1. Is there a residue in region 159-172 that is under 16 Å from the mean Cα position of the chain (by Cα), of a type in the set (Gly, Ala, Ser) and more than 20 Å from Pro51 (Cα to Cα)?
2. Anything in region 121-157 that is farther than 19 Å from Lys69 by Cβ, charged (D, E, K, R) and assigned to a helix (DSSP H, G or I)? List them, or say none.
3. Could you check Ala76 against (1) modelled with pLDDT of 95 or more; (2) touching a Gly at 6+ places or on another chain (Cβ under 9 Å) and say which number it fails?
4. Within region 106-115, does at least one residue satisfy the condition of being in contact with a Lys or Arg (Cβ under 6 Å, 6 or more places away or on another chain), outside any helix (DSSP H, G or I) and open to solvent by less than 70 Å² (accessible area, probe 1.4 Å)?
5. Condition (residue is open to solvent by 60 Å² or more (accessible area, probe 1.4 Å), on the phi > 0 side of the Ramachandran plot and out of contact with any Phe, Trp or Tyr (no Cβ under 8 Å at 6 or more places or on another chain)) applied to region 150-157: is it met by at least one residue?
6. Hey, Asn103 hits all of (1) free of Cβ contacts under 8 Å to residues at least 24 places away in the same chain; (2) on the phi < 0 side of the Ramachandran plot but one; which does it fall short on?
7. Residues of region 146-159 being farther than 20 Å from Glu178 by Cα and touching a helix residue (DSSP H, G or I) at 6+ places or on another chain (Cβ under 9 Å), which ones?
8. Can you find, within region 161-191, the residue that is surrounded by the fewest Cβ atoms within 10 Å (Cβ to Cβ) among those that are at pLDDT 95 or above and of a type in the set (D, E, K, R)?
Amino acid sequence: MNTILRKSILGIAGLAFTGGVFAGPVAAHAADTTHAVKPVSVSVQGDKLIPHGVQGEQSRIDLNDEQTKNVKAIIAATKKAGMDERAAVVSIATALQESKLENLGHLGDRNDHDSQGLFQQRPSSGWGTVEQITDPEYSTTAFLKGLKQVDGWQDMPLTKAAQTVQVSAYPDHYAQWEQQAADLVAEHWNK
């Protein structure tokens, strides 16, 4: 590799690292199965999956068969909606934050109002019936319909796009799942 190209690559990597360090941690500490991963500002997947680099400290969980099935359902619904891999990354990161990719029913006193399903959508907020929002394809399609209505979502950081749809009390928490979501899309998109 020629010297100019090598120095350019190293310079870009250094700037990306510095940007990630100064962005600081965004995520709260999660359950015992969540593993903190150091901030990364440049994606190994490239521009399509993480066009802005990840923001802050990243979290990762080990997935069981049900969670992997839900990842595949989100990807299938994204393709069916005619949306691209980036939409799947935003969707999966959102579901990781909201439910750890578990299709949650009503949790009683531990429930946030009447939030249910992968995206913790609420029947009382017009997301659909309990039966609908606990169906992975339906809930993903509902999330993507909301995402499509966000002008310029493709050019936004993941956490801003997700927050605009979800209206969470913790808007910055979506960012911590971007790398794992991108890895899952890269792994399952073409299967």
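The values are calculated or read from the model by the stated rules, or taken from the named source; none is laboratory data. This one's a predicted model, so the numbers in the text were calculated from it and none came from an experiment. No Cβ is skipped: glycine too gets one built from the backbone with ideal geometry, and neighbour counts run over all protein chains shown. Side chains are part of the model used for accessible areas, which takes the heavy atoms of the whole protein and leaves out ligands, DNA and RNA. Shrake-Rupley method; radii C 1.70, N 1.55, O 1.52, S 1.80 Å.
1. Yes, region 159-172 contains at least one residue that is under 16 Å from the mean Cα position of the chain (by Cα), of a type in the set (Gly, Ala, Ser) and more than 20 Å from Pro51 (Cα to Cα).
2. Scanning region 121-157 gives Lys145, Lys148, Asp155.
3. Tallying (1) modelled with pLDDT of 95 or more; (2) touching a Gly at 6+ places or on another chain (Cβ under 9 Å), Ala76 fails exactly one: (2).
4. Yes, there is a match, as at least one residue in region 106-115 is in contact with a Lys or Arg (Cβ under 6 Å, 6 or more places away or on another chain), outside any helix (DSSP H, G or I) and open to solvent by less than 70 Å² (accessible area, probe 1.4 Å).
5. no
6. So Asn103 meets the others, but not (1).
7. Gln149
8. Filtering first and then ranking leaves Glu187.
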